[in-house]
């Protein structure tokens, strides 16, 4: 690992996507928690959406955000389990240029202390596409809290040492203004 800690905090543009057949904006407690956490940490909400558990709708939204220079990080919540409609890993992992195997491993290790062996049914995962960091976590509000507080917050903080993901992200510009 190299030393990638910066001197100062760098606010990032983060998009939140809730994957659910049942939630709407008023009942999206997981999405709301992630928005609250990211803004409290000093980051900016670039976009927020809710999409049905549909591989192609999910890919379309995330692909648009990957192509948008304004979005540096995408966090999805939901669709990572084993029910008949949980397809987030299948929908998004195909878009990755590189996977971050340790993200899911670390999330499950931490989650084990909270929910025991039930964590084995979490397919939390992460990767990079077009220098956009994509992290997918389970849909429960407690899982989102665990993921943000114990993994994500430090990796999105440019001052976190010995390393973090900030140096690997694209520079943020307005959508459509690629240089």
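What follows is calculated from the coordinates using simple rules that are stated; it is not laboratory data. As the structure is a computational prediction, the values presented were derived from the model and not from experiment. Methodologically, a virtual Cβ is constructed for each residue, glycine included, from the backbone with ideal geometry; neighbour enumeration extends over all protein chains shown.
For the pair residue 7 and residue 98, the difference between a 0.36 nm per residue extended length and the Cα-Cα distance amounts to 30.1 nm.
Applying the Kirkwood pairwise sum to the alpha-carbon positions of segment 95-179 produces a hydrodynamic radius of 14.0 angstrom. Across all directions, the average projected area of the convex hull around the alpha carbons of segment 1-65 is 6.0 nm².
Residue separation times 0.36 nm, minus the C-alpha to C-alpha distance between residue 25 and residue 117: what's the value? Mind dumping the intermediate values first?
On the way: separation 92, 0.36 × 92 = 33.12 nm, distance 3.11 nm.
That pair, residue 25 and residue 117, stretches by 30.0 nm at full extension.
Among 110-118, 38-46, the peptide with the highest mean count of other Cβ atoms within 10 Å heads the list, and the full ranking is 38-46, 110-118. For the chain, a Kirkwood radius taken over Cα pairs fed into Stokes-Einstein (25 °C, viscosity 0.890 mPa s) yields D = 151 µm²/s. Mean sequence separation of contacting Cα pairs (under 8 Å, at least six apart), scaled by the length of segment 1-156, corresponds to a relative contact order of 26 percent. Report the residues of segment 20-50 in range of a label on residue 64: point 7 Å along Cα→C-beta, backbone N strictly under 15 Å from it. What the label zone holds, given the 15 Å backbone N cut-off, is 46-50. Of the peptides 69-78, 154-163, the ranking by mean beta-carbon count within 10 Å, highest at the top, reads 69-78, 154-163. Note on the chain: helix-only mean residue ellipticity at 222 nm, from DSSP H runs of 4+ residues weighted -39500 (n - 2.57) and normalised by residue number, equals -8500 deg cm²/dmol.
Where both bridge residues fall in the chain, DSSP classifies roughly 30% of the beta bridges as antiparallel.
Summary of packing: across the peptides 58-66, 82-90, the per-residue average of other C-beta atoms within 10 Å ranks them, highest first, as 58-66, 82-90. Residues of segment 132-151 falling in the label zone of residue 36, defined by backbone nitrogen less than 12 Å from a point 7 Å along Cα to beta-carbon, are 141-142, 145.
The gain in end-to-end length when the residue 105 to residue 52 segment is fully stretched comes to 16.5 nm, 0.36 nm per residue minus the alpha carbon separation.
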